[in-house]
Amino acid sequence: MQGMQGSHPELRRRLKVGGLVAGLFLVFALATALVIFLVQLQGAATAYMAGQSHWSRAQLGSVFALYRYAQEGEEADLVAARELADIPIGDMEARLAMEAEPLDRDAAVDGLIRGQNHPDDIPIMIWLFRNFADFPHLREAVDVWRESDEYILSLLTLADRLEQARSADTPDEAELNKLLLELEIANAHSYELTSRFVAAFTEATRWLRHVLLFGSSMVMAMLAGIATLLGWRLMRLINRSRRRFQSIFEQAAVGMAELTPAGRILNVNEALGDILVCKRQALVGRYYQDLVYGEDRDGDDRIIRDLLQGSDEAVTLERRFHRQDGGLVWGRLTLSAIQGKRREPESLIAILEDVSESRRLSIELAHQAAHDGLTGLINRRSFDRELAQALREVREEHVDFVVCFIDLDQFKLVNDTSGHVAGDHMLVQVAELLRSQIREGDVLARLGGDEFGLLLRACDLEKGEQVASKICNALEGLVFEWEEKTFNVACSIGVVPIEADMPNIDSVLRSADLACYIAKEQGRNRVHASSTADEHVALRRGEMEWVNRIRQALEDDRLYLDAQIIEPLQSGKEFRYELLLRLLDEDGRSVPPGAFIPAAERFGAAYRLDRWVFENTCRRLADHPEHREALTACHVNLSGQSFDRPEFTEFVVDTLSYYGIEPDCICFEITETAAIRHLADATSFMKVLRSKGCQFALDDFGAGLSSFGYLRRLPVDYLKIDGAFVRNILVDEADLAMVKAIKEIGHTMNKQIIAEFVETQELQERLQTMGIDYGQGFGIHRPERWRNLLDG
């Protein structure tokens, strides 16, 4: 019983303090609500005053415009008068919508906007009208507003009557004078109503100001009284809070310590001893700085000094701390100063959390973000940072750096034949071999896929080429085995120096990539070292610029199609032709295909061109059904890049269906080299499209020196003999023999033969005698705009 009685005063004290705090919050809430209410009320009144200004100016402007129209008869004045009159009409319609039950908000908003009221003011204008239109002063203003309706409507009536009077062949001056008199009367009434409206709203504003001052005074008086009472009560709690702090200090789950301003430990809790594996008594009297790992102490004295001087209220640091057992623990330390009676730091409170595990996870995540998960090498982002640092050193300290761009040859073959798991294992082995070939200070990275980057420090171009050759030879000796299959590993390497005039790291990597591309182009499994003055690099850079020009030409619609007829040499009449892509430069001049198509194929822009050609072919054929009926086949060229895109097959099928094109009138031409290089993808593409009815021709046949055995795997209908063999068969026995061999093999495999570069009648007759099925060349038909054939 005594315990219960003893608890009653404490409970009553808490209830009183709680009631006072709740009352203070309630007063603050009421005061805030009152202020918001009064401010909104004042804002709405101000908005109506602004709206009335627009109303008045529009009404006067409308009257003035009607005066001018009555006197001069200018239609523009009549239009202006009606447009100005629409402003007060909009306000009138808004008021009618706000008076309606229920509120027609959309009509009210539309009317107020027509009345040139600011959109942000409209919600509070509607709120004021709906809730306070019947209050004193405001009710009078609304009544005046209603009275103005008939005068505003009379302006529209007068406008119509003036227009009728003016439209007569001979305007009646007496009628016009009568209408002008009525206009003056309406204007006078409107001016009177405007004055009354302004007076009413001015009085309302004055009334609101008095209410605001009175309400604010009352609220402040209440707050002052309650704050005084609460302050007295709260002072009594401060001493109790000090006692509670000691209890919290002892029972806290985190480590806590009280320090002198010099950093000597005055008191610690049990949790801090557990973190540092040390008894509490052994910690008291020691200095905080002695517990911090030596390398982490830098700057702590300055931080504590700023804290003691009041520059910071609290600071949080992450440091390593010595444990009693000799180990280290990562801790998040928060220091805050406790002010004494003279507002000078009396002591410091330190809170220590063990963050060793989160620190370990952070380091692990940072490593993963900077490294390739498969090979353990740094990734492209980290390599970019290394390149940026190297470029700065080249410019500022004149240190020599060389970059090697390493690309594995035929890596796609491993993925295609043995799967991506095998490819991943091969990349791991390659990465390990590359590590063994470089110096400790060199930087090796996996840039993506089968591409690696190598940064050689303090190395000139000649030495860099030697290092790259050593790597190339080492990789050539690596044999990768997977599931009883053996693959020879080889690479192409581009080597470039980092030069001070290179604008950025993208330029560095682009130069290295270009050098690697040249190495591949020269036969693969080799090294190409070059500087910015290298002619090969300059040529390839020019081709890369064509990629941007091609992209811009697509956007500017500067591509078009020519057509060249393919003539049957043995059978009856047929109508077939090959479409040839053309491009206009920025000045409208035609660009030779050899200038941009090779560049598009080398640098990945050919796929976009293929899509453009095929979609435009289908669209134009769909627009000319009579031409399509007479057409035997339209030959469309495709690049090898399109076969690497799994979505391209679906695009072709969908495009044929969308435009309603019969597949049997389309013959796709694919170069022999592209077909062999993308054999699996090309074969798959051909099978799908042949099942739909499309035909295929193997273009430039013989130029790739490929085995005739590939023809068994490629489901093509035509072989187009490369023109290099055709043009000289009249004088070169070797070329004649090659053409005959291709014809014999092709016919044996039920494929028809097309000869290119038929330049003369004599050559055409010879091909016809040899049994060649089709001929194409300037001797038969010179390419012309396709639209000529479509419209012909």
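All of the numbers you see were taken from the coordinates with simple rules; none came from a lab. What you see is a predicted model, and the numbers here were worked out from it, not measured in a lab. All Cβ positions, even for glycine, are placed from backbone atoms using ideal geometry, and neighbour counts span all protein chains on display.
Summary table below
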| item | result |
| --- | --- |
| Expected 222 nm ellipticity per residue - DSSP helices of 4 or more, -39500 (n - 2.57), all of the chain, to 500 | -20000 deg cm²/dmol |
| For region 351-363, Karplus couplings with θ = phi - 60° (6.51, -1.76, 1.60), whole Hz, Gly/Pro x | 10, 10, 10, 7, 10, 4, 5, 5, 5, 4, 5, 5, 5 |
| Dipole magnitude of region 371-533, debye to nearest 20 (Cβ charges: Lys/Arg +1, Asp/Glu -1, about Cα centre) | 40 |
| For E759, distant residues with modelled amide H under 5 Å away | G779 |
| Amide H partners (placed H, <5 Å) of N637, local residues excluded | L579, E669 |
| Distance (nanometres) between label positions extended 7 Å along Cα→Cβ at T170 and A680 | 9.9 |
| Lys, Arg +1 and Asp, Glu -1 on Cβ, resulting dipole of the chain about Cα centre, debye, nearest 20 | 4800 |
| Sites D298 and A724 - FRET efficiency at Förster radius 60 Å, r taken between beta-carbons, to 0.05 | 0.20 |
| Added length on full extension, which subtracts the Cα-Cα distance from 0.36 nm per residue, D501 to E72 | 147.1 nm |
| Cα lying deepest toward the dipole's positive end in the chain, options F135, S53, P568, charges on Cβ | F135 |
| FRET efficiency estimate (nearest 0.05) - Cβ-Cβ, A630 to T769, R0 45 angstrom | 0.95 |
| Percent antiparallel among DSSP beta bridges (both partners in region 559-661, rounded to 5) | 75 |
| Gyration tensor verdict on the chain (Cα atoms; rounded if a/c is under 1.5, prolate if a/b is larger than b/c, oblate otherwise) | oblate |
| Considering only region 556-791, percent of DSSP beta bridges that pair antiparallel, nearest 5 | 40 |
| Low-density loop cleavage sites - GluC sites (Glu not before Pro) in region 394-478, where at most 16 other Cβ are within 10 Å (DSSP) | E440 |
| Label zone at S590, where the point sits 7 Å out along the Cα-to-Cβ direction: region 756-787 residues whose backbone N lies under 11 Å | 782-786 |
| Region 252-362: C-alpha gyration tensor shape, a/c 1.5 cut-off, then a/b vs b/c | prolate |
| Anisotropy class of region 556-791 from Cα gyration tensor, a/c 1.5 cut | rounded |
| Nearest-20 debye value, region 252-362 charge dipole, Cβ charges on Lys, Arg, Asp, Glu | 240 |
| Potential extension, L103-A50 segment - 0.36 nm per residue separation minus Cα distance | 16.8 nm |
| Most positive-pole-ward Cα, N750, I304, F614, against dipole of the chain from beta carbon charges | I304 |
| Antiparallel bridges, percent of DSSP beta bridges restricted to the chain (to nearest 5) | 70 |
| Residues with amide H under 5 Å from that of D409, placed H, sequence gap 5 or more | A490, C491, S492 |
| Stokes-Einstein translational diffusion, region 707-792 - Kirkwood Rh over all Cα pairs, 1.306 mPa s, 10 °C, in µm²/s | 115 |
| Region 104-121 - phi-based ³J(HN,Hα) in whole Hz, Karplus 6.51/-1.76/1.60, Gly and Pro as x | 8, 4, 4, 5, 5, 5, 4, x, 5, 5, 4, x, 6, 7, 5, x, 5, 8 |
| Residue (of N187, A445, P503) at the positive-pole extreme of the chain, dipole from beta-carbon charges | A445 |
| Flagged links, alpha-carbon separation over 19 Å, of K573/K687; K412/K485; K692/K743; K463/K520 | K573/K687; K692/K743; K463/K520 |
| Approximate spin-label separation E396-V688, in nm, with each point projected 7 Å along Cα-to-Cβ | 5.4 |
